[in-house]
Amino acid sequence: MALPLAALTTHVLASTVGTADTIDAARFHAMRRFLVTRFGRIAYVEQGKGPVALFLHGFPLNSFQWRGALERLSPWRRCIAPDFLGLGYTEVAVGEDVSPDAQVAMLITFLDMLKIDQVDLVANDSGGAVAQLLITRHPQRVRTLLLTNCDSEIDCPPAALKTVIDMAHEGVFADRWLAAWVADKTLARSATGLGGQCFANPNNPNDEAIDCYLQPLVATQRRKDLVHAYALALERNVLEGVADKLRASRIPTRILWGSDDTIFAPAGGRYLAGLLGNSQGLQMVASSKLFWPEERPDLIASEARKLWSTESQS
């Protein structure tokens with residue numbers, strides 16, 4: 001049975017918001033590998049050895065989001081961060097779906113082909129929705145789950161995503177926002193851009209991160225179409241009906257929630273902390289927005305190691 005929520009919630013005032021720049025874009029691109037699957041060529045990076053930790057990124061980001069965490073956690077885990085179907089540098093096979101259901105199926109195939117039986121999951125944003133589907137459908141494949149700001153059944157999709165979904169219906173989201181941000185990095189970091197909406201540090205994302213995240217998404221019309229398909233797949237509540245399975249889950253799960261997120265309200269974090277059957281508590285992270293894991297890799301690393309230690313003692 002989950003513990004009372006009051007006993008699960010802690011607060012932290014994290015230190016200065018910075019950037020996870022230990023792995024720069026050039027090194028990131030050099031690290032990239034591809035795994036050929038029926039879903040397409042799945043792009044991923046990995047670092048370290050030992051038990052596998054699998055990192056699931058947000059929208060419209062890619063595995064570059066986790067560069068700081070990979071650098072810090074690679075002494076303890078074989079850290080693998082794939083790019084989702086429709087995002088990053090993954091090359092989607094013609095006719096393939098890019099919905100959360102398809103992402104789950106792709107990840108299981110990805111793990112099978114790499115002969116990986118179990119992983120420690122770390123997830124953010126729409127990657128958190130995929131993680132919840134993964135642990136309800138394939139619980140035997142997950143040792144632990146570290147969730148950061150993301151969808152929950154009571155907030156899926158969040159109201160703030162409506163503008164993106166509306167533009168995706170019109171087929172203009174990629175050009176109107178993403179391509180505009182690639183062309184004007186200052187705009188990308190403005191209050192109405194990716195930076196102001198999702199990062200706490202006004203200097204984030206930096207120029208190379210903007211290019212790394214967004215250039216591949218606007219490179220061709222097909223890539224733009226896939227971005228729109230990704231957004232439209234989030235229009236329905238993809239987590240509808242998962243509550244009972246999350247409540248029954250025995251997977252140790254820790255939740256870290258940026259308190260200044262304007263996309264996902266703190267109520268979602270409290271809901272998940274009170275629902276999950278083996279919740280290890282909720283930590284509110286002050287002065288942090290949706291993509292805070294990129295800005296605070298030290299916190300991700302320390303909390304992941306604590307969670308992994310808890311699992312190893314159970």
| message | Any residue at all in the range 143-161 that's at pLDDT 95 or above, more than 17 Å from ALA265 (Cβ to Cβ) and surrounded by fewer than 24 Cβ atoms within 10 Å (Cβ to Cβ)? | response | yes
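Here is a yes/no grid of residues against (1) of a type in the set (S, T, N, Q); (2) more than 30 Å from ALA168 (Cβ to Cβ); (3) free of Cβ contacts under 8 Å to residues at least 40 places away in the same chain:
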| position | (1), (2), (3) |
| --- | --- |
| THR220 | yes, no, yes |
| HIS228 | no, no, no |
| ILE251 | no, yes, no |
| ARG254 | no, yes, no |
| TRP257 | no, no, no |
| LEU299 | no, yes, no |
| ARG305 | no, yes, no |
| remark: Restricted to the range 54-79 and to residues being free of Cβ contacts under 8 Å to residues at least 40 places away in the same chain and assigned to a loop (DSSP other than H, G, I, E, B), the residue farthest from the chain's Cα centre (by Cα) is PRO75
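Look at the range 113-170 and say how many of its residues are in a loop (DSSP other than H, G, I, E, B) and within 13 Å of the chain's Cα centre (by Cα).
Adding up the residues that qualify gives 1.
Please go through the range 89-148 and pick out each residue that is without any contact (Cβ under 8 Å) to a residue 60 or more places away in the chain and closer than 21 Å to GLN65 by Cα.
Residues satisfying the conditions are THR90, GLU91, GLN103, VAL104, LEU107, LEU111, LEU134.
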| said: Going through GLY58, GLY50 one at a time, which residue ends up being of a type in the set (Gly, Ala, Ser), within 28 Å of GLN215 (Cα to Cα), at pLDDT 70 or above and in contact with a strand residue (DSSP E or B) (Cβ under 9 Å, 6 or more places away or on another chain)? | reply: GLY58
| field | Residue in the range 91-105 that is surrounded by fewer than 21 Cβ atoms within 10 Å (Cβ to Cβ), in contact with a Phe, Trp or Tyr (Cβ under 8 Å, 6 or more places away or on another chain) and part of a strand (DSSP E or B) present | value | yes
| Test result for THR220, touching a helix residue (DSSP H, G or I) at 6+ places or on another chain (Cβ under 9 Å), among the hydroxyl-bearing types (Ser, Thr, Tyr) and either crowded, with 16+ Cβ neighbours inside 10 Å or farther than 24 Å from PRO51 by Cβ (or both) | no
| remark: When the range 271-282 is checked residue by residue, the ones that are surrounded by fewer than 20 Cβ atoms within 10 Å (Cβ to Cβ) and assigned to a strand (DSSP E or B) are GLY281
| query | Of these, GLY268, GLY258, which one is crowded, with 16+ Cβ neighbours inside 10 Å, in contact with a Lys or Arg (Cβ under 7 Å, 6 or more places away or on another chain) and either closer than 28 Å to LYS162 by Cα or small (Gly, Ala, Ser) (or both)? | reply | GLY258
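The values are calculated or read from the model by the stated rules, or taken from the named source; none is laboratory data. Just so we're clear, the structure is a prediction, and the values are computed from it rather than from any experiment. Note that we place each Cβ from the backbone using ideal geometry, even for glycine, and neighbour counts take in every protein chain shown.
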